[in-house]
Amino acid sequence: MKFFIYIKMVLLISIFVHANEKKEEDNIASNKQQNNLFSFFKNIVKYKSNIQEHNIKEGKSYLKGEATIEYNNTKIQADSIEFNWKNGDIYAIKKEKPIILKIGNHQYTFSNIYTNINSNKVEAKNFYLQEKDYIITATNITKKDPNTSLIKKITYISDPFFLKKKDNDPDFYLKTDYLKYFHSKKYIFSGPVFFFWYKVPMPIFIPFLYIPVKKDTKDSKATYGLINPKFEIKNKKIFIKNIGFFFPISNCMNFKISSSIDSTKKWELKTRMEYKLRYAYHGFIDFNYDRYMSNSNNYQFKWEHNQDIKSDSEIDFNANINYNNNILFINHDYEYFSYINMRKKFSNYLLFMNAYMIQKSVNNKMEIKFIIPEFIFQMKNIFLEKKYFLRHVNIENKVSIHNSVNYTTGHFHTGLNHNMNISTYFYFFYPYLKILPKFFYEEFYTWEHKNSSISGFQKIDFLAEIISIPFNRIFEIKKNSIFLRHRIEPMFYFHMKYFPSIFRNEKNYKEINFILNNDLDFKFNELKKIKILNNLSTSFIHNKNFIKCKDLHFFGKTDFLQNLGLKYKGGINFSEKKEKNNMIFFDFSFYCNYNTNFFEKNEYKKKGKNRYDCFFFDEKNYAKYSIPLSLRIDFHSHYENDINQKKLFNTFLSMNGSVNITKYWKININTDYDLYNNKITFANIIFYRDLRSFKMSFNWIPMGSWSFFIGIKDPNLSNIIQYNEKS
């Protein structure tokens, strides 16, 4: 349970009483023999006030009128402060203004407070703390011994109206009579926690609260706590999800266990052990068990181990093991992929050692395949001597060897892969032409142990691109006001594939492409620019002694106004064999955003207040409040034509909007309409109601489902107090 607000309050008080505790104790012990205690406290305590009185005989100082006393990182402000510099007692009393206690960046208020610098005793009344989202109050805080602090009559409030001072009383709050914090063992124990709705106790309470406080260490964080359950109602059946707790095993390991109950059909148990070791190693181990009421069960084991990228270790080790004993029951098409990876760095060289396990279903049977081990030696960014065009040459070489074992069929084979990539770039007639040649070599061999057979494959790829600088042409449509700009970027592309003669089934391949990229846009007075055509790409191919058009693609986006625009793309893909296999595609979308706010406040001068809110009134004394409205309309049309396949044509009209019909009622509408088939394909209406500390929503899909939710808005309590029902 996330009662971190209690933890935070007690921890901050603990900081107050323990602030630089060891430093003060050492200083006091070393100065107890000094006769002049006033001089001693004068060195560690700073104070000021309008009126100061000092009684040397009693050893007391009286600070009156805007009094302030400071020591270490603690500051107390009050109307009147009494400081006993013989024993270190500090008394602060409220007369007109409340007492303000500042510890670091945090501020608290009290009606009176007593503390002792020597013994660290604390007695305070009427504690008050306000943060951004909540308020905590307590009638009394007492710390008489070093190990225990007692807090009485605690109230927790998160009502936004009360926080903004729109109402004098909160609509919802939590109360408990006492709470103890044990300093040595670092945990909190409280009495029953009650929930109140408009000062009326609700039939919801927690019998006690036990929370061991988070303990930070240098290398890891070990935490205690409860996992908040979620309750849902679906088809008049109750579902409980993720009820459990977590606790540390050591400073390096945490353990978490949770359970879920799915009505009378399924029971689920999840366990996780998280760890964090030196060299930035961290990970977790999961064991999940599912029990179905049909007397079937399933369990899953998962281990994930990672190493931080910023680690200084030269050896990286990562693992992800995932095993499910009943993969067929979960999903016939699902595949679990597991691996263990270890990498060694050698400057520009890398050495990998991997192991893989693949678990999947084949013909309704579970199949497990292992790749153990796999060795990879990779050389990256090998730069040659910086002379002429060779100064930009980059070479990558990769060699891998692996053994593959099919546990189900018993097949075993060994494979060897070799890949080498060489790339560079240089300019010709700088800066007009940029040439980018690339060379790829690939080969692999497989040895099947069962049949003692060897098979192999080799391939050489050579690519070259010649890119020209773009050419611009500006046409003046209207003198000094409207311009049309055309931009074209030519590119020459050459691709060749070569296979050795031993591979008779593979054919060599050669392709020469000439590509033209075009842009087109309007300009108005050199200020406003509208894109008409973002890119039109035309590609010509040279093959077998003839030239033909390979494809024609275009893409455009035009923003007419800030909330009005047009997007489109399309093209023709020509096949190498027959033109009747050409595919034509076109995609068009038009969007429009509309935002307004009815009854703007500045239109009306008369102002009044009703309960929680201020309203503006028109001449006829009707209350007016702003009604924000947002609407987006999208028109989308897509067309594909391939003679070998069915024609595809879709045209949709989508509307998405929201409106606040009152200040606390909001409606969201999402709908898609198929214009071609004349039917609604999707519709969703969401009603939302703001209930101060609570929120309510009703989600309705007219096609046949709905859900109703009501719960508290406070994120610290939202998982505890909620009602969720689904159709």
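The values are calculated or read from the model by the stated rules, or taken from the named source; none is laboratory data. All figures in this text were calculated on a predicted structure; none of them were measured in a lab. Every residue, glycine among them, receives a Cβ derived from its backbone with ideal geometry; neighbour counts consider all protein chains shown. Keep in mind that these areas ignore ligands, DNA and RNA; they rest on the heavy atoms of the full protein, side chains included. Shrake-Rupley method; radii C 1.70, N 1.55, O 1.52, S 1.80 Å.
Quick rundown of the values:
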quantity	calculated
Solvent-accessible surface ranking, highest first, for Thr115, Thr596 at 1.4 angstrom	Thr596, Thr115
Length added when fully stretched, Asp177-Ile680, from 0.36 nm per residue minus Cα-Cα	175.4 nm
Rounded to the nearest 10 Å², the accessible area of Val405 at probe 1.4 Å	50 Å²
Label-point separation in nm, Tyr407 to Phe649, each point 7 Å along Cα→Cβ	5.4 nm
Sequence-distant residues sharing a close amide H with Leu277 (under 5 Å, placed H)	His282
For His411, residues with placed amide H under 5 Å, excluding near neighbours	Asn406
Integer Hz, Karplus 6.51/-1.76/1.60 couplings in order for region 137-145, x for Gly and Pro	10, 8, 7, 8, 10, 9, 9, 9, 10
Distance in nm between pseudo-label sites at Thr538 and His638 (7 Å out along the Cβ direction from Cα)	2.9 nm
Out-of-range pairs (alpha-carbon distance over 29 Å; input Lys94/Lys695; Lys459/Lys569; Lys46/Lys125; Lys507/Lys550)	Lys94/Lys695; Lys459/Lys569
Whole-Hz ³J(HN,Hα) from phi, Karplus 6.51 cos²θ - 1.76 cosθ + 1.60, for region 122-133, glycine and proline x	9, 9, 9, 10, 6, 6, 8, 9, 10, 10, 5, 10
Accessible area of Phe635 in the full protein assembly, 1.4 Å probe (Å², nearest 10)	60 Å²
Contact order normalised by residue count of region 416-518, Cα under 8 Å, 6+ apart, percent	20 percent
Segment Leu150-Phe428, extension gain: residue separation times 0.36 nm, minus the distance between their alpha carbons	91.8 nm
For Phe287, solvent-accessible area (1.4 Å; no DNA, RNA or ligand), Å²	100 Å²
For Ile721, distant residues with modelled amide H under 5 Å away	Ile712
Accessible-area ranking of Phe370, Phe440, Phe239, largest first, probe 1.4 Å	Phe440, Phe370, Phe239
Karplus-derived 3J(HN,Hα), 6.51/-1.76/1.60, for each residue of region 158-163, Hz, glycine and proline x	10, 5, x, 5, 5, 5
Distance between modelled label sites at Tyr445 and Asn55, nm, 7 Å Cα→Cβ extension	10.2 nm
FRET efficiency for Ile710 and Asn670, using Cβ-Cβ distance with R0 set to 25 Å, rounded to 0.05	0.70
Cα convex hull volume per residue for region 84-148 (Å³)	110 Å³
